[in-house]
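Undergrad: Can you keep this structure in mind? I'll have questions shortly.
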Amino acid sequence: MRFDICTLFPDMFTSYFSDSILKRAKDEGLIEIRIHNIRDYSKDKHKKVDDTPYGGGAGMLMTAQPLYDCLMAVKKINSGPVVFMTPQGKKLTHTHAKRLAMNNESLILLCGRYEGIDQRIRDLLVDKEISIGNYVLTGGELATMVVVDAVSRFIPGVLGDEASAEEDSFSRRLGGKKEYPHYTKPAIFEGLEVPAVLRSGNHAEIAKWRKEHLR
Ligand code: SAM
């Protein structure tokens, strides 16, 4: 699956995508991530990408021209939908992330900054809008990383144990509920003991305990 990310802050992505599970997924060709700097597309002689909003009000807006040219260039190499990250979008859920992965559709992810983007870009080029929650971040970069991470977990082979995304919180196997408590060694820590049933080796009893302790 391919993700093309349009941002004013490309360096923010370097560390997150260069470690751990997503790095391995990239190395194995299961996902492909390309970062595009919107500022590179500005036709302004100072590479300006923002301006004051018509009608007044606080803050600046990302101007249409660099966004338009950047997205049009990326659309030539990625035929997937343009997804704008915004608190006004559809809330990302387990089901939503899974569906995006199952469609195996490439995505173009657009990160807003300042007070957001010129509405005409939304009208002309944006196909979907995703929010990662009812709060406001300083920019869409973190939200984009959340989407890439949550979607990638559902791509076969990305997680070492392929079954595990289906046994995590919100999965159908857990009835949409949140996972039971986990424990590892030692058996007693700071006076707190691991429930005896989990050390019993009785798989039926362990499954029963876990089911009873879904949250
Ligand atoms: N003025 C906007 C509003 O009230 O909805 C908030 C702008 S926010 C400071 C700047 C950018 O961060 C947004 O354009 C969006 O790309 C991103 N962003 C902020 N919160 C987000 C969220 N909860 N989910 C997804 N993206 C978010």
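Undergrad: At 1.4 Å probe size, what's the solvent-accessible area of residue 213? Round to the nearest 10 Å².
TA: Residue 213 has an accessible surface of roughly 70 Å² with all protein chains in place.
Undergrad: What is the percent carbon and sulfur in the accessible area of the chain, measuring with a 1.4 Å probe over the protein chains and ignoring ligands? Walk me through the numbers on the way to the answer.
TA: Details: 6580 of 12540 Å².
The nonpolar share, carbon plus sulfur, comes to 52 percent.
Undergrad: Using a 10 angstrom Cβ neighbour count of at most 15 plus a DSSP loop assignment to flag exposed GluC sites (Glu not before Pro), which longest range of the chain is free of such sites?
TA: The segment 29-104 is the longest one with no such site.
Undergrad: Can I ask one more? Could you provide, to the nearest whole Å², the per residue accessible area of the chain with probe 1.4 Å?
TA: For the chain, the solvent-accessible area averages 58 Å² per residue.
Undergrad: Just to make sure I understand: if all protein chains stay in place, what is the order of 9, 154, 3 by accessible area at 1.4 Å, largest first?
TA: 9, 154, 3
Undergrad: If you take the alpha carbon radius of gyration of region 1-159 and divide it by 2.2 N^0.38 Å, what ratio comes out, to two decimals?
TA: Working: Rg = 15.4 Å, N = 159, 2.2 N^0.38 = 15.1 Å.
Scaled against compact globular proteins, the figure is 1.02.
Undergrad: Just reorder 197, 148 by solvent-accessible area, largest first, 1.4 Å probe, all chains present.
TA: 197, 148
Undergrad: Moving to a separate point now. How about region 159-215: which chymotrypsin sites (Phe, Trp or Tyr not before Pro) there are in a DSSP loop, with at most 13 other Cβ atoms within 10 Å of their Cβ?
TA: Details: sites: 170, 183, 189, 209; in loops: 170, 183.
In loop regions of region 159-215 (DSSP not H, G, I, E or B), the sparsely surrounded chymotrypsin sites (Phe, Trp or Tyr not before Pro) are 183.
Undergrad: Tell me, rounded to the nearest percent, the portion of alpha carbon pairs in region 163-212 spaced more than 18 Å apart.
TA: That tail contains 40 percent of the Cα-Cα pairs.
Undergrad: Go through 164, 15 and list them by solvent-accessible area, largest first, probe radius 1.4 Å.
TA: I get 15, 164, largest accessible area first.
Undergrad: Follow-up question, since we're still on this one. Skipping prolines and chain starts, which residues have an amide H placed within reach, meaning under 5 Å, of the one on residue 2, given they are 5 or more residues away or on another chain?
TA: For residue 2, whose amide H was placed from the backbone, the distant partners under 5 Å are 32, 106, 107.
Undergrad: Report for the chain the percent antiparallel among DSSP-assigned beta bridges with both residues inside it, nearest 5.
TA: Percent antiparallel among DSSP bridges in the chain is about 15.
Undergrad: Accessible area of residue 63, 1.4 Å probe, to the nearest 10 Å²?
TA: Accessible area of residue 63: about 40 Å².
Undergrad: So, one more: Calculate the length of the line joining the C-alpha centroid of region 181-215 to that of region 20-91, in whole Å.
TA: Result: 46 Å between the Cα centres.
Undergrad: Let me ask something additional. Given a cut-off of 21 Å, name the pairs among 23/48; 91/208; 23/128; 26/98 whose C-alpha atoms lie farther apart than that in the structure shown. Please report the intermediate quantities before stating the final value.
TA: Details: 23/48 33 Å; 91/208 33 Å; 23/128 26 Å; 26/98 19 Å.
In this structure, 23/48; 91/208; 23/128 exceed 21 Å between Cα atoms.
Undergrad: Moving on to the next point. Given 0.36 nm per residue, what is the gain on full extension from residue 212 to residue 164 after removing their alpha carbon distance, in nm?
TA: Working: separation 48, 0.36 × 48 = 17.28 nm, distance 1.94 nm.
Roughly 15.3 nm would be gained on extension.
The values are calculated or read from the model by the stated rules, or taken from the named source; none is laboratory data. What you see is a predicted model, and the numbers here were worked out from it, not measured in a lab. Reconstructed Cβ throughout: ideal geometry from the backbone, glycine too, with neighbour counts over all protein chains shown. Please note that ligands, DNA and RNA were not included when accessible areas were found on the heavy atoms of the full protein model with its side chains. Shrake-Rupley method; radii C 1.70, N 1.55, O 1.52, S 1.80 Å.
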